[in-house]
């Protein structure tokens, strides 16, 4: 309380002195922190300014950076190709592998320049999109079945047995159904732990598409899709998560893209294809699976292929673009950069596919892809 | 109170008014932000609220292919993991609160353990998940193999254990305070009658601080319900109702984290946001109840 | 007489034993509770130490499956996102904290306090959803900025609360002395009251920073992540927490190594922040 007594005035002078000391201390502190904050902020906005200097109004589209998201299936391939593209052309491509479902959704929300999906968009998904979307295949991949068993044996499966395993009807490894197909393998008395995808996945789509074709029971329920109501099993995120979990869980079985098994030295099972041959997933058997008539929009299913040497669970993987690139604040430069990138991937980028274990596009597919790319426009101008 | 008297000097008058207005405005902004959050969640949940209604909560099939969204498995998973975590951590949290609030209130031992508990609270969730994946999961796997259960390693029990560790500091910080605030005369009266320390704790302190301890547990529960990253990495991500503590499951928060960036279709996205709304409401209710108890207790 | 005396003695001895045992149980339980922390810190340091080298700190991540690579972009990203969220949250938080410490009776203060309490309890994943709808979609893209806004929302309640608590503890006489001397209200607050409470306010700020530096969930669909080094806050950006999440769940051994190194970096940063806050608390504290 303020009093006029001596104590009061002493107190007031004490307070004033103390606060003077503190304010000077604080000023010193301010002096050191403030310039730091300013420089940091300047740096940050400088980054933003750069994009403006290159003549773009919007801050998220920038011809020096392309943003894509989607499938984890081709992620090793894309990550290599985009790295090379950055080294050769100086353009940064930021690809986030969030799953095919994510790629489709973010493209529909127009938050990315391109999407990526192994599952071609369904008619329903296309009709729900704000504008027409084209599919450009970039390579061929195989979905393989891998297991964690002692000795890492290469197992043989028939479609029926595989479906029954994933339906949860075959529960143990030493089940006679599996043993009869693999007489030379010592199968342990261990429960089968199924590992599937927890996110919306094109790999799941490809696998369930195959299972729906070979098993009526699977077709009825759960059917085919990017996110399924799995009868049994654990979920992991991305091809990365599934392979990671399988590696650590004894007795587990799951489906991953071939490259993930190769990179992590996991065994890939041989499957009995439609023609009755047990085929392993190789570049040749993947390419053989694509030996069919390809539709113009390239939305096609390659599973359960008729080809005698084809591996039965193969698929193209696609980059997704809007047919008309003129939307939101998209500049022509951005659109051209995106189209140029896709063009690179289907031509020069193909040599990296084989190195990594993906089958390059067959010539027929490349021709169809080029035609689709030519149809991508910016307003009324073509970009190729 | 912000004083009503201002000075007639025009320059200062303007600055005075501006300052006071800024203060009031900022408070309004806080309230607006909260209301906006609630409305965004509500409005974006409308499509699924309309299409699915109450069935959302007792339908046990989550099938995006068939456009069927029953969140019961996730509700069960959330409740199971949170309550299990609470169960595991409560004895420890009460023990630590007694340790810090009664036995070692000051001194180097108290400081050390206080810092340790604070550090536990500071470790990010994703690091808990990472550590759990590489240390806890193999241990649980070994136990599961011994118990002849599928050796997933991940599952309800693993995520509950990690959750228990994560929420311990939250209940401890509150419980410790209320225990140390028990009036001395109550304790001394008991001691003077010959009570041992154990008896003072169990018969005087605990009953006295009952509601404070309960509030601490509530706050810990609220934290556990919304915890996302560690749980996502350790729960197994299965869309079915967990059948036991060793089976995998899913919680609402981890489903949102897994599927939000790829939910296509209005109802799918809306269903996920509806779960977010549910989490928001439940966390808010628990939070408010907890704070009310604390207020009544400290008054 | 002798019998009843030994009865009582027996009882007392029994109660004393219970007392001692109880204390032992409490101490044991406390030590057990602290074990996880020691395990975690020990494990992270052991794994992380081998991962941290110059290449780790200065290189960008390599394509999938290739050895080497570093987390330089994630480190820069974490710091940058944090910096922007501080710029957003600190001024706003302090101002609201000042308001709440001054106004205790008005309706607005009541609702504001309620709002802050509720905001504190919102799960961070829900904040991520909100920011996706508010900023990412209208902006047409992911950006570090949206991540910063999300983190700012999470930081806000703790900054507000610690500011409010600190300022409430200051004696009224300080403010009244200043007002009595004719210092305008706004100058009183800004130049006397706030600086006096600076240690408490700063402690709150530093603690809230250490809390959000490891947040992952709100960044999942806002900052999104990037394999490149970028300082443009309106583009996607990586962060240490994001790469720990992505690398930990992958099957690649070198990614696991990177994740351990990143975890250790994060923990070091949190430890340093905590130590700084303790120093600030003790050295700058104004005693009344």
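Read-outs: derived from the displayed coordinates by stated rules, not from any lab. The structure presented is a predicted model; accordingly, all values stated were derived computationally and were not measured. All Cβ positions, even for glycine, are placed from backbone atoms using ideal geometry, and neighbour counts span all protein chains on display.
R0 = 51 Å: FRET efficiency of residue A:124 with residue B:134, Cβ-based, nearest 0.05? That gives a FRET efficiency of 0.75. Averaged over the residues of peptide C:94-105, the number of Cβ atoms from other protein chains lying within 10 Å of each residue's Cβ is 4.
Quick one: order B:103, C:186 by neighbouring beta-carbon count within 10 Å, fewest to most.
Placing the least packed residue first, the sequence is B:103, C:186.
Ordering B:275, B:181 from the fewest to the most neighbouring beta carbons within 10 Å gives B:181, B:275. Remark: the residue A:374-residue A:297 segment gains 26.5 nm on full extension, using 0.36 nm per residue and subtracting the alpha carbon distance.
Between residue A:220 and residue C:173, the distance separating the two model label sites (each 7 Å from Cα on the Cα→Cβ line) works out to 8.6 nm. As a length-normalised measure over Cα pairs under 8 Å and 6 or more apart, the relative contact order of the range A:103-245 settles at 22 percent.
Which percent, to the nearest 5, of DSSP beta bridges fully inside the protein assembly as shown are antiparallel? In the protein assembly as shown, DSSP labels about 60 percent of beta bridges as antiparallel.
State whether the range B:61-136 is rounded, prolate or oblate according to the following rule on the C-alpha gyration tensor (a ≥ b ≥ c being the square roots of its eigenvalues): a/c under 1.5 gives rounded; otherwise a/b larger than b/c gives prolate, and the remaining case gives oblate. Before the final figure, lay out the partial values.
Details: a/c = 4.30, a/b = 2.39, b/c = 1.80.
Prolate, because a/c is 1.5 or more and a/b exceeds b/c.
Fewest-first ordering of B:146, B:60 by other beta carbons within 10 Å of each residue's beta carbon gives B:146, B:60.
For the segment C:179-186, counting C-beta atoms of other chains within 10 Å of every residue's C-beta and taking the mean gives 5. Peptide A:96-105 has a mean of 5 when you count, residue by residue, the C-beta atoms of other protein chains within 10 Å of its C-beta. First check a/c for the range B:26-154, with a ≥ b ≥ c the square roots of the eigenvalues of its C-alpha gyration tensor; if it is under 1.5, answer rounded, and if not, answer prolate when a/b is larger than b/c or oblate otherwise. Verdict is oblate for the range B:26-154. Taking label points 7 Å from Cα along the Cα-to-Cβ direction, residue B:109 and residue A:336 give a separation of 7.6 nm.
Compactness of the range C:54-284 was expressed as the Cα radius of gyration divided by 2.2 N^0.38 Å, which yields 1.17.
Over the range B:206-299, all Cα pairs binned in 5 Å intervals from 0 give whole-percent P(r) values of 3, 12, 17, 17, 16, 13, 10, 7, 4, 1, 0, listed from short to long. For the pair the range B:89-128 / the range A:142-162, the C-alpha centres are spaced 49 Å from each other.
Computed FRET efficiency, Cβ-Cβ of residue A:382 and residue B:67, R0 60 Å: what is it to the nearest 0.05? With a Förster radius of 60 Å, E is 0.95. Ranked by the mean number of other Cβ atoms within 10 Å per residue, highest first, peptides A:251-260, B:207-216 order as A:251-260, B:207-216.
Classification of the protein assembly as shown by its C-alpha gyration tensor yields an oblate form. The axis ratio a/c (a ≥ b ≥ c) is 1.5 or more, and b/c is at least a/b.
Using a cutoff of 8 angstrom between alpha carbon atoms and counting only pairs six or more residues apart, the relative contact order for the range C:54-284 works out to 28 percent.
Averaging 1/r across all pairs of distinct Cα atoms in chain B and inverting the result yields a Kirkwood radius of 22.2 Å.
P(r) tail, the range B:11-55: Cα-Cα pairs separated by more than 13 Å, 68% of all pairs. Protection proxy ranking, highest mean first, for peptides B:150-156, B:110-116, C:246-252: B:150-156, C:246-252, B:110-116, where packing is the per-residue count of other beta-carbon atoms within 10 Å, averaged. Relative to one another, the C-alpha centroids of the range B:138-214 and the range C:3-34 are positioned 19 Å apart. When the Gaussian network model of chain C links Cα atoms closer than 10 Å, the mean-square fluctuations of C:184, C:195, C:218 top out at C:184.
Could you give the nm distance between label points at residue B:39 and residue A:180, where each point is 7 Å from its Cα heading toward the beta carbon? Inter-label distance under the simple model: 6.6 nm. Calculated FRET efficiency, residue A:191 to residue C:42, Cβ-Cβ distance, R0 = 35 Å: about 0.55 to the nearest 0.05. Report summary: the helix-based calculation at 222 nm, which adds -39500 (n - 2.57) for every DSSP H run with n ≥ 4 and divides by the residues of the protein assembly as shown, gives -20000 deg cm²/dmol. Taking every C-alpha pair closer than 8 Å and separated by at least 6 residues, the mean separation divided by the residue count of the range B:57-298 gives a relative contact order of 28 percent.
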